[in-house]
Amino acid sequence: MLNGDLEKLYPSAKTLVKDHVASRIHAKDATLYDFSEDAQKTAENFMGWVDLASNPPVSVGSIVEFADKVIGDGIRSIILIGEGGSTQAPMTITKYNKVDSSMVRFRTMDSTSAVRVRGILPECDPASTLVITSSKSGTTIESRSMLKAVQEVFSDALGREEMMRHMVAITDPGSDLEQLAKKENWLAVFTGEPSVGGRYSALSVFGLVPTALVGIDMNDFMAHARAAERSCSEDSIDNPAIQLAAFLYDNYTQGRDKFSFLTPQRGRVLGLWIEQLVAESLGKNGKGILPNIEVDPLLLTKDPGDRTAIMYQTQTDLWDERKNFEMSLAYMDTAIPHITYRVEGVSDLPEHFMMWEYAIAMCGYLMKVCPFDQPDVASAKAEVLRILNDGQVKPDFVQDTIGSMQMGDIEVRLGESMKGVTNLEDALKKLFASIRPGDYFALNAFVPFTGEGRREALELIRHEVAKHFGVVSCLEVGPRYLHSTGQLQKGGPNNGVFLIVSADELKDIPLFHAKAPSLATLSKAQAEGDLVTLSSRDRRVIHLHLPDNSGIMLRQLGEVVEKVLREL
């Protein structure tokens with residue numbers, strides 16, 4: 001069961017117990033959020049997640065029956081298409097389970113990078129592959145675009161009629177996706193509960209269908225979820241959700257508005273789910289708590305005073321990996337408030353889903369922030385559609401060199417607060433010179449993370465900024481982060497500094513009868529839309545569009561960043 005190694009009891013835990021917040025959340029009492037008429041109304045419509053374990057709206061048995069049938073019919077691989085809350089929990093569960101065992105090979109497609117899509121499709125035999133498109137609204141542009149790219153390949157291999165027997169939809173009732181699936185006679189449609197928001201949907205059909213398909217024991221999985229629901233809905237000082245909420249909130253009020261999430265590699269996928277839940281739920285109205293998945297504990301050897309640390313011990317097969325992680329934590333400054341949890345196996349995950357969901361709903365109560373909406377995500381989506389309709393944002397200038405290397409045309413777009421420079425080096429210098437103690441840096445990258453040298457080059461930039469300024473530094477995957485930390489970046493406090501990077505594709509994937517003519521066009525529009533939206537909120541931001549996304553191009557950019565940092 002849930003156990004957190006907490007160094008002390010935090011005062012707001014008593015407030016949460018006294019105000020009966022846990023039991024009122026479980027009772028779907030929207031008056032908890034009566035500090036705002038809009039917040040209370042939103043809560044009335046989006047608290048269906050609180051009892052998904054004890055009162056599932058869809059029979060778990062029917063989900064298991066479906067999974068058993070498709071596996072029995074020869075399905076050996078699954079592609080899950082989606083964004084944000086529709087894919088984060090399934091990705092967490094299936095990746096975590098893969099280390100132990102899995103009946104099928106499961107891949108999540110939440111990147112519009114042509115490199116990523118081309119990397120997934122050749123590994124799948126269409127005849128034995130199930131394609132799940134997961135979207136509450138059914139209109140998410142990334143999901144619909146990736147679905148078109150996949151269907152082009154599957155239709156060529158199977159024929160259109162047979163292809164439809166390999167398509168499954170998970171969506172809300174009445175959505176465009178449900179209508180499309182029924183019109184085209186897809187294999188199955190699972191409809192979710194409309195009162196469950198995407199980031200709170202881990203224990204709904206959005207999470208449970210993939211869980212069953214990879215062969216996880218659903219009875220055991222749901223038993224853990226029900227036990228956590230009981231614990232997290234008790235008005236008791238021992239409630240693990242109350243303890244977590246108090247830890248986050250009381251440190252937030254002391255200026256620690258960020259936390260570093262540290263775990264061995266296997267556990268980092270859980271960090272992505274936590275990142276979305278926390279950032280998108282609390283990052284609005286100028287408030288917010290920033291989660292950051294930190295891979296280098298040595299960046300925490302000195303307490304900067306603006307963050308806490310949340311550590312997750314997780315089961316790993318290698319003694320060396322466990323020991324290395326434990327040893328790395330020993331170098332952290334003990335003045336940094338911290339809490340430690342442990343996940344032994346995939347069946348523990350529903351407990352942590354439930355704990356975090358209840359805790360963040362409690363933080364919303366304490367912070368007077370509605371934890372169930374995402375207003376700035378919607379505005380960014382609208383800007384992307386405007387760019388696709390009206391044309392790209394004109395660059396402030398174009399440069400054909402990075403450092404001393406002629407690499408092709410680099411388009412540079414500047415946020416309003418960054419105007420006045422005319423070359424790449426000066427733009428980066430102005431951006432980085434604006435970083436102050438208590439700020440954070442985010443590298444928002446619309447480039448593939450797979451392939452030789454790409455992730456390493458991006459991580460180098462992130463790490464060097466963290467080391468040079470002593471600030472939280474985040475590496476964000478586009479377009480995934482737009483449905484996650486993107487809300488906090490735009491709606492939270494104005495203490496973020498942003499470098500957006502996108503690139504042309506050397507081999508693009510065209511899209512037919514879609515809002516974007518190709519995947520690369522969509523990615524570029526999303527990067528430009530993010531620049532426009534961040535700039536409109538007076539954020540410090542620049543956007544670099546590179547001539548290609550090769551590892552050498554990204555390494556060269558990293559070298560220029562290192563040079564600029566040395567000169568500051």
- Item | Where the chain is the region considered: accessible area per residue in Å², 1.4 Å probe | 37 Å²
- Task: Would you please give the FRET efficiency between Asp333 and Leu9, computed as 1/(1 + (r/R0)^6) with r the Cβ-Cβ distance and R0 = 30 Å, to the nearest 0.05?
- Result: 0.85
- Dipole axis of the chain (+1 Lys, Arg; -1 Asp, Glu on Cβ), positive-most option in Pro90, His513, Pro210: His513
- Query: Which entries in Lys41/Lys524; Lys148/Lys368; Lys69/Lys182; Lys284/Lys419; Lys41/Lys419 show an alpha-carbon gap greater than 30 Å?
  - Reply: Lys41/Lys524; Lys148/Lys368; Lys41/Lys419
- Task: Mind ranking 185-196, 236-247 by how tightly packed they are, going by the mean number of other C-beta atoms within 10 angstrom, highest first?
- Result: 236-247, 185-196
- For the stretch 402-474, the accessible surface attributable to carbon and sulfur atoms (probe 1.4 angstrom, ligands and nucleic acids excluded) amounts in percent to 49 percent
- Run the quick spin-label model on Thr401 and Arg322: label points 7 Å from Cα toward the beta carbon, then report their separation in nm to one decimal. 5.5 nm
- Give me the lysines in straight-line cross-link reach of Lys8: C-alpha distance below 20 Å, same-chain residues under 8 apart excluded. Lys18, Lys258
- Loop-located GluC sites (Glu not before Pro) in the stretch 311-346 whose Cβ has at most 15 other Cβ within 10 Å (DSSP): Glu344
- For the stretch 69-130, give the percent of accessible area contributed by carbon and sulfur heavy atoms, probe 1.4 Å, rounded to a whole number. 48 percent
- If r is the Cβ-Cβ distance from Ala27 to Ser137 and R0 is 25 Å, what FRET efficiency results, to the nearest 0.05? 0.35
- Base-10 log of normalised Debye intensity for the stretch 253-309 (one unit scatterer per alpha-carbon) at q = 0.19 Å⁻¹: -0.70
- For the stretch 49-96 and the stretch 159-195, compute the distance between their C-alpha centroids and round to whole Å. 15 Å
- Calculate how large, on average over all directions, the projected area of the Cα convex hull of the chain is; give the answer in nm² to one decimal. 23.7 nm²
- Segment His20-Ala227, length gained on full extension (0.36 nm per residue, minus Cα span): 72.6 nm
- Message: With an 8 Å Cα cut-off and a minimum separation of 6 or more residues, compute the relative contact order for the stretch 32-184 in percent.
- Response: 22 percent
- The relative contact order of the stretch 421-568, taking Cα pairs under 8 Å that sit 6 or more residues apart, comes to a percentage of 33 percent
- Query: Carbon and sulfur together cover what percent of the accessible area of the stretch 479-568 at a 1.4 Å probe radius?
  - Reply: 54 percent
- Taking the chain and counting helices only, DSSP H stretches of n ≥ 4 at -39,500 (n - 2.57) each over all residues, the nearest-500 ellipticity at 222 nm comes to -14000 deg cm²/dmol
- Taking the chain and dividing mean pair separation by its residue count, relative contact order in percent (alpha carbons under 8 Å, at least six apart): 18 percent
- With label points built 7 Å along Cα→Cβ from the Cα atoms of Ala157 and Arg537, find their separation and express it in nm. 4.0 nm
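The values are calculated or read from the model by the stated rules, or taken from the named source; none is laboratory data. Source: prediction; values computed, not measured. Here Cβ is always computed from backbone atoms with ideal geometry, including for glycine, and neighbour counts include all displayed protein chains. Accessible surface areas use protein heavy atoms only, side chains included; no ligands, DNA or RNA. Shrake-Rupley method; radii C 1.70, N 1.55, O 1.52, S 1.80 Å.
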